[in-house]
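Asks: Sharing a structure here in C-alpha cells format.
We did not get these values from a lab; they are worked out from the coordinates using the rules stated. Computed from a predicted model, the values in this text were never measured in an experiment. Using ideal geometry, Cβ is built from the backbone for each residue, glycine included, and neighbour counts are taken over all protein chains shown.
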Amino acid sequence: MYGRYGNDALTKFLLVLGLILMIISWFPRLGWVYFLAAAVLVWSLVRSFSRKIDRRRRELDCYLRFQKPIVNFFKLSRNKWRDRKTHVYFKCKKCKAVLRVPRGKGSIVVICTRCKDRIEKET
C-alpha cells in the first residue's frame, strides 16, 4: 500500500522469531509463550503497515547496530575456519583491526592497513 513502511530486516526477524516462539509454545507447560509469540507477530505487522516511517527507520537503525557485531563475529569465525590451513588471523594492537597473513612464511613484518603500524609476527 502506498505510504506504508513495508518490510525490512527487523520485520523479517520479528516474523521468524514469532514463528519459532509459536512452535516452542506447542510444548506442554509453555502456553504463555504463545501470547509472547502473538505479540511479536502483531508488532511485526504494525511495523509493516505503519505510516510513521521516521520512527520505523530509527527502530531499524537500532536493530542493525545491535545485529552488526554479532554477524561480523560469525563471519570472521567462518572465515578463520575456512582459511585455517593457509592463513593466520591476528589483531592490530593499536586499532584492533583484524589482519590476515599467509601461514608458514616464518617471521614477517606486517603493516596495518588502517593505522599503518608495523607488526612483527611469526606465522
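Asks: Checking the cross-link filter: which lysines have an alpha carbon closer than 28 Å to that of residue 52, excluding same-chain neighbours under 8 positions apart?
Replies: Cα-Cα hits under 28 Å: 12, 68.
Asks: Further question: Taking only the Cα atoms of region 1-82, how large is their convex hull per residue, in Å³? Let's see the in-between values first.
Replies: Values: hull volume 10.5 nm³, N = 82.
Given the Cα convex hull of region 1-82, per-residue volume reads 128 Å³.
Asks: Mind listing P(r) for region 84-123? All alpha-carbon pairs, 5 Å bins, whole percents.
Replies: Here the calculated profile for region 84-123 is 6, 26, 34, 22, 10, 1.
Asks: Amide H to amide H under 5 Å from residue 88: which residues, 5+ apart in sequence or cross-chain, H placed 1.01 Å off N in plane?
Replies: 101, 103
Asks: Counting each DSSP H run of 4 or more residues in the chain as -39500 (n - 2.57), what helix-only mean residue ellipticity at 222 nm follows after dividing by all residues, to the nearest 500 deg cm²/dmol? It would help to have the intermediate numbers written out before the result.
Replies: On the way: 3 runs with 63 residues, N = 123.
Value at 222 nm, helices only, nearest 500: -18000 deg cm²/dmol.
Asks: Using square roots of five times the C-alpha gyration tensor eigenvalues, list the equivalent-ellipsoid semi-axes of region 6-47 in whole Å, biggest first.
Replies: On the way: eigenvalues 91, 17, 4 Å².
That gives 21, 9, 5 Å for the three semi-axes.
Asks: Taking the Cα centre of the chain as the origin, how large is its charge dipole in debye, to the nearest 20, when only Lys and Arg (+1) and Asp and Glu (-1) carry charge on their Cβ atoms?
Replies: Working: 29 positive and 8 negative charges, 115 e Å.
In debye, rounded to 20, the chain gives about 560.
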